Every structure is written in C-alpha cells, then in structure tokens.
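Shown next, in structure tokens, is the structure this report addresses.
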Amino acid sequence: MPWNAPYTFAPEETPPAQLLNEQIRDNITALHSPQAGEVTWTSDKTTTATGFDPISGLSITLVSTGRDMLVALTGAAKLSVSGTVVLDFAQDGVRLGGATPGTTRTTADGNISFSRIVTGLTSGVSYTFTVEWRVTSGTGTLYANGQFYAREI
C-alpha cells in the first residue's frame, strides 16, 4: 500500500471517513509494510568482463513509498588468477559506487557482504536495483546460494 501525502486539516473541519482512513489506517499500514524484494541464485555466476556488467538474474524492481532503500548482497566469490573482483549496485542502470572503484572488491576466495543506503527516492516511482561486476583479469565466480535484497527502511 503506498504512502499518502499528509493532509492539512482546517480547524473544525469534519473530514469524510475515506480521507481519515487514507491518512491514518493506510499510512500506518504503509509504514509497517515496507517495500522489499530478494533474490537467491541457485547456480554459480561467472564473468571475464573487465568493464562493469550486470549479473544475470540479480535484479529487483520496487515501487517506492519515498523512504530510503537498503540494498545488500551476501555471498562468496573467487577469482581464477591473481587480481580483483569488483562489485557494485546500480539503480535504473546507473552504478552507485562511482566511475571506477565500485562499492566493494575482493582479491581472494572468500565471503563477501556489502550494502548501501539509497536516498532521494520518490513515492510512487518504480526503481530497479541490480548488481554489476567486473574483474581485473581471469574469471570471476560468484558462488550459488548468495542473497541480494532491497528493502525500504
């Protein structure tokens, strides 16, 4: 249920039941029912891309209620040779971690966990969050059974 912009009541105004329900019941429901989505992948993902590339299947689309969004990924990754696996989040195709660095990087086999709070979202607008990655050399692998999620906070 979407958030409704607060209504300013006039002194001695008797609002209709529909307006009170929208302002009280519906907005409380919106606060207790944040938009959220998650993806758990069931097979390994691999890349040899040296430029950022979206990871197939790691995409979440939500209609915002105007609150901040927590976007996070947990899993395990490895690189076939010496180098770095670089991961980042994107919002509607625009990476959030800057031009080159990305949000997180790993240089060895192991667990990864990173998150980002996205601000400035507009109520009623649909946003798509994805995970993008690249390697500095070799083949990067993101092992199966990790989790990617987005949730309003």
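We did not get these values from a lab; they are worked out from the coordinates using the rules stated. Quantities reported herein were computed from a predicted structural model and do not represent experimental measurements. Here the Cβ positions follow ideal geometry from the backbone for every residue, glycine too, while neighbour counts run over all protein chains shown.
Compactness check for the chain: Cα Rg over 2.2 N^0.38 Å is 1.34.
Sites count as exposed loop sites when they are GluC sites (Glu not before Pro), lie in a DSSP loop, and have at most 15 other Cβ atoms within 10 angstrom; the longest stretch of the chain without one is 14-153. Sparsely packed loop sites in segment 26-89 (the chymotrypsin sites (Phe, Trp or Tyr not before Pro) outside DSSP H, G, I, E and B with at most 13 other Cβ atoms within 10 Å) do not occur. Placing pseudo-labels 7 Å out from each Cα toward the beta carbon at Ile28 and Gln147 gives an inter-label distance of 3.0 nm. Look at the alpha carbon pairs under 8 Å that are at least 6 residues apart: their mean separation over the length of segment 54-153 gives a relative contact order of 49 percent. Residues whose amide H comes within less than 5 Å of that of Thr84, counting only those at least five positions distant or on another chain, are Thr136, Ser137 (H built at 1.01 Å from N in the peptide plane).
Per residue, the average separation of C-alpha pairs within less than 8 Å and at least 6 apart gives segment 1-92 a relative contact order of 27 percent. The order of Ser115, Ser82, going from fewest to most other C-beta atoms within 10 Å of their C-beta, is Ser82, Ser115. Neighbour counts of other Cβ atoms within 10 Å put Val85, Val39 in the fewest-to-most order Val39, Val85. Neighbour counts of C-beta atoms inside 10 Å place Ile24, Ile55 in the sequence Ile24, Ile55, starting with the fewest.
For Gly146, the residues 5 or more places off, or on other chains, whose built amide H falls under 5 Å of its own are Trp41.
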